[in-house]
Structures are given as structure tokens and as C-alpha cells.
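Beneath this line is the structure, given in C-alpha cells, with notes to follow.
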Amino acid sequence: MSKRILYLVFSLPVCLYWTGSVSASTPPPTPSPTATSTPTFVPTPTVGGAHVYVPERVNVRSGPGTYYEKVGVLVAGQISSVEGRTTFGEWIAIHYPEGTTDIAWVYSPLVLVRGMMAEELPVVESPPTPTLQVVPVSGTINPEYTSPPTRLPTFTPAPPIPQPTFSTPEFEGRSLPPIVLIASLFALGIVSGVVAIYRQRE
């Protein structure tokens, strides 16, 4: 029994050493390369002759004006063949959708005309101006209804301002002339001045 125990004690380190050396000599697994997708290049279609290039998104309308119906958009990078322009060149007539004979319009400052000068494009007649729809007014108006009369404010005149009256004393049945009053006051002033000077000297 003791021999078996001693055998197990001595054989355990040997087994552990052999197991570690085997695991250390085993190379780690090599990862397999992952397949990457290559982007597909989509070439831009080319248009022969005069065409417009769209640097940024622009609206496409049925006529040369913002009051015409919006029929689509052209995104940045798109091109479209040109049919003509308006009289002053502010709108360009293009084939929309591309590849058809349908005519639509784009605002010229938002696109670039290539293949021909914009001034050399032929003038294209504009479509009829769209008519505005009449929106009915909700509710009905009673023709027998009359607005109540408006009461106007009444004007009350201000009371009259009393005017002071001056009366002159009578002199022997007659009114005293104003010149006599003025002369009397002037003489009284002179006398008062003389008396004041005399008192100052004393």
C-alpha cells in the first residue's frame, strides 16, 4: 500500500511536466482570411450635345416659374439634355425624365450648361400659365342682415370764459381820460423818488 502511494507521488510531477511541454509545443490556430466586398463602380451616363450638370439638388417644374407644378428633382451629379431656354435665360428647358421627349424646366442659376453657351440655346415657348383654383368661402352670408347703427359721440361745447371789464372813474359826469391817469402816476413816481433821495441825504 505504501509503495503505491509513493509511486503516485513521484509520477504526478512527471505527468504535469509532460502535459505542459506538449501544450507549449502545439502552435496556435491560424485565423482564416475574411473575404472583403469590392465596391462596384457605377459609371455616370453621358449625354451628347448640350446638357445641364446639377451640382446640388434642384427642383424640376412643369413650366418656367415657381407657380408651376413641381414634377420631380435632380440630385447632385445628374445630367440632362437641354431643349432650350426662356427669352431672358432665367429658366432652362430639359428632357425630363432623361431619355424621353417630355419637357420640364429648371432654374438656370442652380445648374451648369455644358456643350453650348447658355445664350446660344434656342428660345422655347413657355406652357400656359396655370390657373389658380377658387377656394369657396365656408358659411353663407345672410342678405337680410344689417349691422346695428353705430352711435357717434356727441360734442358738448365748453362754457364761455368770462371776460373782465375795466371801468374808468367819472370826472364831472364824464369818464376820466387815460392820459390823466398815466400823467398822475408818472408825477407820483417822480415825487416818491425825490422824497427817497432827500431822506438818504439826511
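Can you tell me which residue among Thr66, Thr100 is surrounded by fewer than 17 Cβ atoms within 10 Å (Cβ to Cβ), over 29 Å from the mean Cα position of the chain (by Cα), of a type in the set (S, T, N, Q) and at pLDDT below 95?
Details: Thr66 fails: over 29 Å from the mean Cα position of the chain (by Cα).
Thr100 is the lone residue from the list that is surrounded by fewer than 17 Cβ atoms within 10 Å (Cβ to Cβ), over 29 Å from the mean Cα position of the chain (by Cα), of a type in the set (S, T, N, Q) and at pLDDT below 95.
Can you give me the ranges of the strands (runs of 3 or more DSSP E) entirely in the range 51-104 with at least 1 residues that are farther than 21 Å from Met116 by Cα?
Output list reads 58-61, 70-74.
If you go through the range 46-63 and keep only what is modelled with pLDDT of 95 or more and touching a Gly at 6+ places or on another chain (Cβ under 6 Å), you end up with just Val60. Taken over the range 128-164, residues that are at pLDDT 75 or above and closer than 30 Å to Gly65 by Cβ amount to 4.
The values are calculated or read from the model by the stated rules, or taken from the named source; none is laboratory data. As the structure is a prediction and not an experimental result, all values here were calculated from the model. Cβ sites come from the backbone with ideal geometry, for glycine too, and all protein chains shown count toward neighbours.
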